[in-house]
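Below is one structure, written out as structure tokens; the observations come after it.
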Amino acid sequence: MTTIRNSSARPFRLCWHIAPDGESTTGGAIASPLGQISWAMFDFARNPYILLITIYIFAPYFTNVLVHDPVRGQAIWGNIQGYSGIVIAMLAPFLGAIADAGGRRKPWITFYALVMAAATASLWFAKPDGAGLSILEIGLLIGATNVAYEFASVFYNALLPAIAPHERVGFLSGLGLALGNLSSLFLLLLMLFAFVLPGRVPWSFLPAHPLFGIDQAAHEPERLTGPLSALSILVFSLPLLLWTPDSPQMRMGWIDASIRGVRSVIRTMKSLDHYRNVATYLLARLFFNDGMPALLIFSGVYASGVFHWGALEMTAYGIVVTVFAVLGGFFGGWLDDTLGSKRAIFVSVGGTLLFGTVLITLAPDRIFWVIPYDVHAPPVDSLPFFKTWPEIIYLGVTNLAAVCVSASYANARTMMARIAPVARITEFFGLYSLSGQSTSFLATLSVGWMTALTHSQRGGFAVILVFLGVGLIGMIWVKEERAKSL
């Protein structure tokens, strides 16, 4: 078998299906190159939900149009994220432990992908002026998608160390983040040139009117982000399901696996003193992880409210920032392979904190707090968007923040894959999900509460920076070494 695997006479195209020699990070067989890339394609499938819906297009539409008040809308949006985070924090570790007991991960991934697709597709009916779904119903759909997204992550992330060798884990983690941002970029470009720009700018290469009869006045481009995200999930999850090998199924029924999984989580929580290094990392990540997505989520909501950006500006903003987020995935993989996971986290999370701080110093009438800007100054360019220096600088700083956020995701996932005990890898990725969500409701609710308390989007946004800083300090005591199972 070894001779066949290493045969140079075998056609190159078949090499994609052949597993290389060696062991994966968890000690099993390594997946074929096709299986590894297919794993990363799941980020390609599901990431448009995060960028199109929770950050760039639907979230500003929700706060500015559906709620009719950007300050109150930001508060409600923060509450939606927070309450779904509570559900995730309560259940994610148990799901991971159940999967460890039952073995297989892909059936769980499939189920939660279908939940995400059904919920996001329904957002098409989030019509303005209460003509479609109510604010409560929209909140429930967003919350359900958030929960399904994170539950799928528990099983998806746990597959990574089982299919790749130690030295390739960082690259694959970064590749997944890069592909996820790339798919979002494709859809944002499609939105801009097919539905948002036609009829609004006299560019000859654009259709005269939005394609397929999409009505801009009825905010159909914003609502279309739901069905497009659902289609992406359904189509591009298939490579993982077809070609990425799953963990072997244990000879144990679902009920027995559930009982064993719950007991395992309780035992692990009691024995975290033995896994002190992992526990320290989870505690640090508990803070900085929530700051990373929150910064991007609320940077879009903040920009749309402060600079009064509509669907056109937000779509263009999303495209530019996503290009840099794609680069951030590769940058994170390079950082990890060059500096190691711990140092890479200091660079990526530290950069996120720095650039996030700069963002709140920008407004239509000021730059970096102290430099005044004339809001009646003539446009600095002839584009239909980003016509003032504060807007352009805001866009540039957000681009740098996006690079760091994408790199942070990749570095954090790789760090966990390298320090968690092999025999309980999915259970610990459940705790990993818990550490990313147990303060998720605190941070996002804090943004909502502080926004309402200060009557300021800037006041709510500042809370995010506190979580980033606390998490970064906690990383000082983390060691990059594999824990041994009890």
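For region 85-90, the Karplus equation 6.51 cos²θ - 1.76 cosθ + 1.60, evaluated at θ = phi - 60°, returns couplings of x, 4, 4, 4, 4, 6 Hz by residue, with Gly and Pro reported as x.
Report the full-extension gain for the segment residue 482 to residue 166: residue separation times 0.36 nm, less the Cα-Cα distance, to one decimal in nm.
Values: separation 316, 0.36 × 316 = 113.76 nm, distance 1.12 nm.
Contour length minus the Cα-Cα distance gives 112.6 nm.
Taking label positions 7 Å along the Cα-Cβ direction at both residue 127 and residue 377, the computed distance is 4.4 nm, reported to one decimal. Taking amide H positions as modeled 1.01 Å from N, with prolines and chain starts lacking one, the residues under 5 Å from residue 366 and 5 or more places away or on another chain are 373.
Taking 20 Å as the straight-line reach from the Cα of residue 106, the aspartates and glutamates in range (excluding those fewer than 8 positions away in the same chain) are 43, 150, 246, 256, 427.
Taking R0 as 45 Å, what's the FRET efficiency between residue 454 and residue 104 from their Cβ-Cβ distance, rounded to 0.05? E between residue 454 and residue 104, to the nearest 0.05, is 0.40. Region 323-386 and region 53-80 have Cα centres lying 22 Å from one another.
For residue 29, the residues 5 or more places off, or on other chains, whose built amide H falls under 5 Å of its own are 24. Computed extension gain for residue 339 through residue 205, at 0.36 nm per residue and net of the alpha carbon distance, reaches 43.7 nm. Using 0.36 nm per residue and subtracting the Cα-Cα separation, the extra length available between residue 367 and residue 308 on full extension is 19.6 nm.
Which is farthest toward the positive dipole end of region 30-477 among 379, 45, 164, measuring Cα position about the Cα centre, with Cβ charges +1 (Lys, Arg) and -1 (Asp, Glu)? Of the candidates, 164 comes out farthest on the positive side.
Given Cα pairs under 8 Å that are at least 6 residues apart, what percent is the relative contact order of region 30-477?
Relative contact order here is 31 percent.
Taking packing as the residue-averaged number of other Cβ atoms within 10 angstrom, the listed peptides 179-192, 375-388 run from highest to lowest as 179-192, 375-388.
Over the Cα atoms of region 30-477, Rg to Rh with Kirkwood Rh, two decimal places? Could you put the intermediate results ahead of the total?
Details: Rg = 21.2 Å, Rh = 22.0 Å.
The Rg/Rh ratio comes out at 0.97.
For residue 247, the residues 5 or more places off, or on other chains, whose built amide H falls under 5 Å of its own are 105, 106. Across region 173-182, computed HN-Hα scalar couplings (Karplus, 6.51 cos²θ - 1.76 cosθ + 1.60, θ = phi - 60°) run 4, x, 4, x, 5, 5, 5, x, 6, 5 Hz from first to last residue, x flagging Gly and Pro.
All of the numbers you see were taken from the coordinates with simple rules; none came from a lab. From a predicted model like this one, the values you see are computed outputs, not experimental measurements. In this analysis, Cβ positions are derived from the backbone assuming ideal geometry, glycine residues included, and neighbour counts consider all displayed protein chains.
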